[in-house]
Amino acid sequence: MTSTLNPPRSPAAHSRRVVWWRRPWIAPLMTVVAAFLAFSVPPYLTFDPANSRLEPPPGNSIYFPLLTAHVLFGTVAMTTACFQVWPAFRARYRRGHRITGRIYVFAGVLPAGLLGFYIGWHTAAGPSVRVANLAGSALWLIFTYAGLRAARQKRFDAHRRWMSRSFALAMSIALSRVFNIAATIALMPSLDSTFGGDEKMLHFAATSIGVWLSPLLLLVFADYLLERRKPTPARADRGGK
């Protein structure tokens with residue numbers, strides 16, 4: 001319950017306080033997401049399997065169409081996720097936050113996550129990457145469902161926590177590309193001794209490092225931030241004001 005000594009601010013007053021420059025990370029985040037999507041998505045807009053960044057399994061004619069759909073739905077998820085975590089947008093445009101949230105869930109995470117099972121199962125990068133992709137898709141769907149359910153039950157603190165984890169998994173695909181490059185460089189001196197000169201095996205190993213390490217670190221970081229910003233008992237007694 002809100003204390004009478006701390007009357008609630010009006011939405012307009014609150015929206016004036018939560019401005020973009022007080023969250024300086026939002027502009028870099030959107031820039032990174034835009035750059036990643038600008039690099040990753042165009043090859044799939046041609047609908048030509050020859051332009052795929054992932055090698056389709058031999059004789060599998062539906063893999064590329066499903067991969068393209070996965071990429072496009074994932075693009076929706078990553079784009080709307082940026083608005084979901086933007087405090088100024090969330091505070092000033094409550095209805096917009098709810099609309100983009102529904103788009104994130106039903107036109108982003110749900111179809112992209114379900115398609116991720118098929119794409120992940122048919123990866124050519126080996127069993128480690130396959131397990132990472134399947135586990136990542138499952139956790140992404142579970143976390144998002146938990147966040148949606150919490151919002152519908154008006155448990156907004158739990159909603160924020162689950163959706164923060166969902167956001168971390170949505171962004172892990174971009175970070176994994178960075179780890180892939182770093183792992184490839186780090187493993188290159190071992191090309192002959194460890195991988196017998198097989199560059200494809202080295203690439204698979206680097207990919208495995210990326211797909212496991214990026215979601216793990218982002219989830220740990222997300223929970224660290226959630227714990228750091230957890231209201232103190234005194235603030236909770238005042239309704240977090």
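The values are calculated or read from the model by the stated rules, or taken from the named source; none is laboratory data. None of these values were measured; they are calculated from a predicted model. Quick reminder, even Gly has a Cβ in these numbers, built from the backbone with ideal geometry, and neighbours come from all protein chains shown. Accessible surface areas use protein heavy atoms only, side chains included; no ligands, DNA or RNA. Shrake-Rupley method; radii C 1.70, N 1.55, O 1.52, S 1.80 Å.
Please say if the stretch 152-206 is rounded, prolate or oblate, where rounded means a/c under 1.5 for a ≥ b ≥ c the square roots of the C-alpha gyration tensor eigenvalues, and otherwise the choice is prolate for a/b larger than b/c and oblate otherwise? List each step's numbers first, then the result.
Working: a/c = 5.60, a/b = 4.70, b/c = 1.19.
Verdict is prolate for the stretch 152-206.
If I take R0 = 45 Å and measure r between the Cβ atoms of residue 50 and residue 217 in this structure, what FRET efficiency does the formula 1/(1 + (r/R0)^6) give, to the nearest 0.05?
On the way: r = 34 Å, r/R0 = 0.76.
Once the sixth-power term is evaluated, E becomes 0.85.
For the stretch 111-165, give the percent of accessible area contributed by carbon and sulfur heavy atoms, probe 1.4 Å, rounded to a whole number.
The computed percentage sits at 68.
With a ≥ b ≥ c taken as the square roots of the eigenvalues of the C-alpha gyration tensor of the stretch 100-241, please select rounded if a/c is under 1.5 and otherwise prolate if a/b is larger than b/c or oblate if it is not?
oblate
How much length would be gained if the chain were fully extended between residue 29 and residue 181, taking 0.36 nm per residue of separation minus their Cα-Cα distance, in nm to one decimal?
52.7 nm
Taking all protein chains in place and a 1.4 Å probe, what share, in percent, of the accessible surface of the stretch 42-91 do carbon and sulfur account for?
Carbon and sulfur atoms account for 70 percent of the accessible area of the stretch 42-91.
What order do 79, 194, 123 take when sorted by accessible area (1.4 Å probe), most exposed first?
194, 79, 123
Starting from 0 in steps of 10 Å, tell me what percent of the Cα-Cα pairs of the stretch 181-232 lands in each bin.
With 10 Å bins starting at 0, P(r) equals 24, 33, 20, 14, 8, 2.
Rounded if a/c is under 1.5, else prolate if a/b is larger than b/c, else oblate: which is the stretch 85-165, with a ≥ b ≥ c the root eigenvalues of its Cα gyration tensor? Don't skip to the answer; put the middle values down first.
Working: a/c = 2.81, a/b = 2.32, b/c = 1.21.
Since a/c reaches 1.5 and a/b is larger than b/c, the shape of the stretch 85-165 is classed as prolate.
Could you do me a favour and compute the accessible area per residue for the stretch 49-186, 1.4 Å probe, result in Å²?
Values: 7040 Å² over 138 residues.
Accessible area per residue, the stretch 49-186: 51 Å².
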